[in-house]
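The next block holds one structure in the form of structure tokens; read it before the comments.
The values are calculated or read from the model by the stated rules, or taken from the named source; none is laboratory data. From a predicted model like this one, the values you see are computed outputs, not experimental measurements. Here the Cβ positions follow ideal geometry from the backbone for every residue, glycine too, while neighbour counts run over all protein chains shown. Surface areas here come from the heavy atoms of the whole protein model, side chains and all, with no ligands, DNA or RNA. Shrake-Rupley method; radii C 1.70, N 1.55, O 1.52, S 1.80 Å.
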Amino acid sequence: MATAAEKTGAAPEAGALTDGFHLVIDALKLNDITTIYGVPGIPITDLGRFAQAAGMRVLSFRHEQNAGYAAAIAGYLTQKPGVCLTVSAPGFLNGLTALAHATTNCFPMILISGSSEREIVDLQQGDYEEMDQLAVAKPLCKAAFRVLHAQDIGIGVARAIRAAVSGRPGGVYLDLPAKLLGQAMDAAAGAKTLVKVIDPAPRQIPAPDSIARALDVLKSAKRPLIILGKGAAYAQADDAIKALVEKSGMPFLPMSMAKGLLPDTHPQCAGAARSLVLQDSDVVMLIGARLNWLLSHGKGKTWGKGPKKFVHIDIEPKEMDSNVEIAAPVVGDIASCVSALLDGMGGRWQAPPAEWTEAVKAKRDENVAKMAPRLRNNNIPMDYQGALGALRTIIQQRPDAILVNEGANTLDFARSIIDMYQPRKRLDVGTWGVMGVGMGTAIAAAVVTGKPVLAVEGDSAFGFSGMEVETICRYNLPVCVVVFNNGGIYRGTDVNPSGGADAATTVFVKGARYDKMMEAFGGVGVNATSPDELSRAVNTAMDSGKPTLINAVIDEKAGTESGRIGNLNPQSVVAKK
Ligand code: ADP
Ligand code: TZD
Ligand code: MG
């Protein structure tokens, strides 16, 4: 066992005291967690101060939800839990949406919230910011813990870390009552209570017979397809996945955040032939992607009439058969599963029939050629294709930049138009299609990677986290935000059906100038009305690394209801009469 001095780096003086504040910080640092995203206040203000004094990076946000989204995506990018720190009740609740989002998306994150006096909360006597936070958090995360004694902080933090990153990653809640933070104990004894988590996300090796079964199913395929999900991107098994895809010769389809795991321009990429490959494939291998709504639950019109067999690689056994029968479940961590498959394929793997791969390629080339001229238009006001055509070229020229993306039309068009070239460079709304992740995601991406970030935001989407432009300026982060300003949600053209004076429910202030928000905090603001202007402004921002917000004026008529998922809107029989 490591001695106290080895664990904390320095032996405490005889008789010296430590306390809850410092034990939390020591426990995080011991486990290589060096960044905290949060909002200060009672009872955790000093925790943030002491953490900063101890050399941690403590990023203060304007709203806990954004700090939480930052922590969630930091977890996704680093495979270490992102930590969000909040005050009690309202601050905790503000952070909770992000915790639930992290759990839903399988991102490792720990929400640490201060809480009020247990004795008063449990008797419901009306304490300052009273709430039974542990009970509220439980159904929304993978695990929830509360620590009552300073000597248990080491174990509490260790459990939180292991729960967040092992197996299927997710969100963990850690409740720290105010009284705990001030609890004192002997420093040497305290240091001994700290726990360094060994092998926090142990490999989960797939059963050999599951690999053999999967290979048999793959060999039987006439029209195989590989679908890569964000679990595959998270796994950081980039070389092995590339080797598997290339050795198999199978077309692959990246889910939104898996774009760039292999370049979208890769000869086997079927991104531009999505409908065809989903309908006509006979064997589909899912790698870190769930058959949820984003894949039409693996059935129905999207998936065509012919029979399908699925091979499913996932770390979560319960995911198998969640929507349709899985012919070959492969349960394990993606790196281990992919390397076992590669080994099993041996030296001579039969490529899929050329008839299939040629058909996919022909469809893809046809669709790409159809889109190309639309992406080069210089229309004023801009449409989505013209504006995104300009941004597409920028990412092509700067493939290591990170693209953050949210909105409806702004999201759907950007996903299909902007090619990605490197893994984990596209960060977006994830499994829920949630608005509001934008600025938190952009901030964490810049902090964690040090790379330039381009955030492409619908004007509605941006509004959910827009105040964090101050945070971007305060930390002087290399973030360029482009607000696609079409004056509303989906379109800016709706009118109030009652004829009353209020604006329609989906419409915002006409001619709004989001660029001025950035200027208010010392960043660069630009109003861009043409693709050329937009392109110049983004390139300047990316070269300078200065916080920039570009108000991109988009034709208010250009979008469609709900972007590409309008079919999910329920229809009223009354309105149709
Ligand atoms: P997408 O939205 O891109 O389709 P999902 O979020 O639906 O992706 O699926 C991600 C899947 O990846 C989850 O089912 C999760 O359990 C799985 N996963 C995450 N990390 C790993 C890993 N290291 N090994 C295996 N599976 C993983
Ligand atoms: N609230 C939350 C948290 N998430 C959501 N997804 C929504 C509301 C509903 N919603 C969408 O699904 S997209 C969207 C909302 C409000 C905004 C679309 O408008 P936009 O993009 O300006 O961001 P476009 O380009 O105008 O379509
Ligand atoms: Mg809009």
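For this structure, a couple of remarks:
- Meets criteria (open to solvent by 10 Å² or more (accessible area, probe 1.4 Å) and either within 18 Å of Asn486 (Cβ to Cβ) or within 16 Å of ligand 1 (Cβ to nearest atom) (or both)) for Met420: no
- Scanning the stretch 244-262 for residues that are of a type in the set (A, V, I, L, M), out of contact with any Pro (no Cβ under 7 Å at 6 or more places or on another chain), farther than 19 Å from Pro399 by Cα and not in a helix (DSSP H, G or I) yields a total of 1.
- Filter result for Asn367 (closer than 30 Å to Ala552 by Cα, more than 30 Å from the chain's Cα centre (by Cα) and surrounded by 12 or more Cβ atoms within 10 Å (Cβ to Cβ)): no
- Yes/no for Ala340 being within 21 Å of the chain's Cα centre (by Cα), of a type in the set (Gly, Ala, Ser), open to solvent by less than 50 Å² (accessible area, probe 1.4 Å) and within 16 Å of ligand 1 (Cβ to nearest atom): no
- Within the stretch 486-501, one or more residues are of a type in the set (Phe, Trp, Tyr), within 16 Å of ligand 2 (Cβ to nearest atom) and in contact with a helix residue (DSSP H, G or I) (Cβ under 8 Å, 6 or more places away or on another chain).
- Enumeration of residues in the stretch 300-318 that are assigned to a strand (DSSP E or B) and in contact with a helix residue (DSSP H, G or I) (Cβ under 6 Å, 6 or more places away or on another chain): Lys309, Val311, Ile313
- Filter result for Leu225 (open to solvent by less than 30 Å² (accessible area, probe 1.4 Å), in a strand (DSSP E or B) and in contact with a Ser or Thr (Cβ under 9 Å, 6 or more places away or on another chain)): yes
- Taken together, the residues in the stretch 287-299 that are within 21 Å of Lys230 (Cβ to Cβ), free of Cβ contacts under 8 Å to residues at least 60 places away in the same chain and not in a helix (DSSP H, G or I) amount to 1.
- Qualifying residue in the stretch 543-559 (condition: open to solvent by 40 Å² or more (accessible area, probe 1.4 Å), of a type in the set (Ser, Thr, Tyr), more than 16 Å from ligand 1 (Cβ to nearest atom) and touching a residue at least 40 places away in the same chain (Cβ under 8 Å)): no
- The criterion of at least 2 residues that are modelled with pLDDT of 95 or more and either within 16 Å of ligand 2 (Cβ to nearest atom) or of a type in the set (Lys, Arg) (or both) is met by the following helices (runs of 4 or more DSSP H) wholly inside the stretch 138-216: 153-165.
- The stretch 76-87 residues that are over 18 Å from Thr104 (Cβ atoms), paired with ones that are acidic (Asp, Glu) and surrounded by fewer than 24 Cβ atoms within 10 Å (Cβ to Cβ) (beta carbon under 9 Å, 6 or more apart): Lys80/Asp32; Val87/Glu129
- Pick from the stretch 389-415, criterion surrounded by fewer than 20 Cβ atoms within 10 Å (Cβ to Cβ) and polar (S, T, N, Q), ranking: nearest to Ser530 (Cα to Cα): Thr393
- Residue check for Lys142: more than 16 Å from ligand 1 (Cβ to nearest atom) and either touching a strand residue (DSSP E or B) at 6+ places or on another chain (Cβ under 8 Å) or open to solvent by 10 Å² or more (accessible area, probe 1.4 Å) (or both): no
- Among residues of the stretch 352-380 that are more than 18 Å from Val277 (Cβ to Cβ), those with a Cβ under 9 angstrom from a residue that is of a type outside the set (Gly, Ala, Ser) and open to solvent by 70 Å² or more (accessible area, probe 1.4 Å), sequence gap 6+ or separate chain, pair up as Asn378/Asp532.
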